[in-house]
Structure formats: structure tokens, C-alpha cells
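Down below is the structure, laid out as C-alpha cells.
The values are calculated or read from the model by the stated rules, or taken from the named source; none is laboratory data. Quick caveat, the model's predicted, so the values are computed rather than measured. FYI the Cβ positions are ideal-geometry reconstructions off the backbone, even for glycines, and counts take in every protein chain you see.
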Amino acid sequence: MTPSEYKKLKGLRNENLRDHMHDLELIFAMLGEASTTRIARNKNAKGFRENKGAASEGGTVAGNARKELEKRSGEKISTPDNYLQEPESQKKKRLKES
């Protein structure tokens, strides 16, 4: 999902997308970024095309991990739920269940 598609899913306009993500959404976003950085460095990527390829590979790593967790847990990771709009009591209950 592109950031624009993700913002649309969350119902956001100009707000910071990360501020509205739940913990697992943030973790998988960070996994994609860290994977991309590692791949680009190890391949000594130079220029837009090489870095775009590394970004695609890093996204695939995070995407595969997300799909595997969704398969095993039976729950979607990317949801329209909005962390900042969730009442504190629900956040605490969800964290206790984790």
C-alpha cells in the first residue's frame, strides 16, 4: 500500500500517518525501512534506479513478514482503526491482551 492509500484507509488528510498507526503497523513499516537500508548498503546502491530496487526488495521482506503474521494470527495488520482516536481504556485493554 502506498502512503496515500494508507492515509485514505485511515481517513486522514494532512495528519502524520505514523501518529495514527498501531504498534504492529509501525513495526512492519520500520522493518521495511531497515531492510531497505541494509539491502541498499550491501549492494552499494547508487542513484535512483538502484535504490528503487532496494526499496522494492525491502518492502517485499516486510510484506512477507506481515502476510505470515496475518496468516498465523487470523487478523489483518493494516486496518482503518486510528490509534489517536481510540479511547485510552481500549488501548490499555488491547495492550493487556497482547
Inset, instruction - Pick out the one residue from Asn51, Asn42 that is surrounded by 14 or more Cβ atoms within 10 Å (Cβ to Cβ), more than 27 Å from Lys93 (Cα to Cα) and over 16 Å from the mean Cα position of the chain (by Cα). - result: Asn51
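Restricting attention to helices (runs of 4 or more DSSP H) lying wholly within the stretch 19-98, give those where 2 or more residues are of a type outside the set (A, V, I, L, M, F, W, C) and either modelled with pLDDT of 95 or more or in contact with a strand residue (DSSP E or B) (Cβ under 6 Å, 6 or more places away or on another chain) (or both).
Correct list: 23-42, 47-73.
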Inset, instruction - Output the number of the condition that Thr60 fails; it satisfies all remaining conditions of (1) out of contact with any Phe, Trp or Tyr (no Cβ under 7 Å at 6 or more places or on another chain); (2) under 24 Å from Lys93 (Cβ atoms); (3) β-branched (Val, Ile, Thr). - result: (2)
Inset, instruction - Go through (1) within 25 Å of Asp81 (Cβ to Cβ); (2) in contact (Cβ under 8 Å) with a residue 12 or more places away in the chain and name the single condition Leu26 misses. - result: (2)
Legend entry - Residue, nearest to Asp81 (Cα to Cα), within the stretch 3-18, restricted to residues that are in contact (Cβ under 8 Å) with a residue 60 or more places away in the chain and assigned to a helix (DSSP H, G or I): Lys10
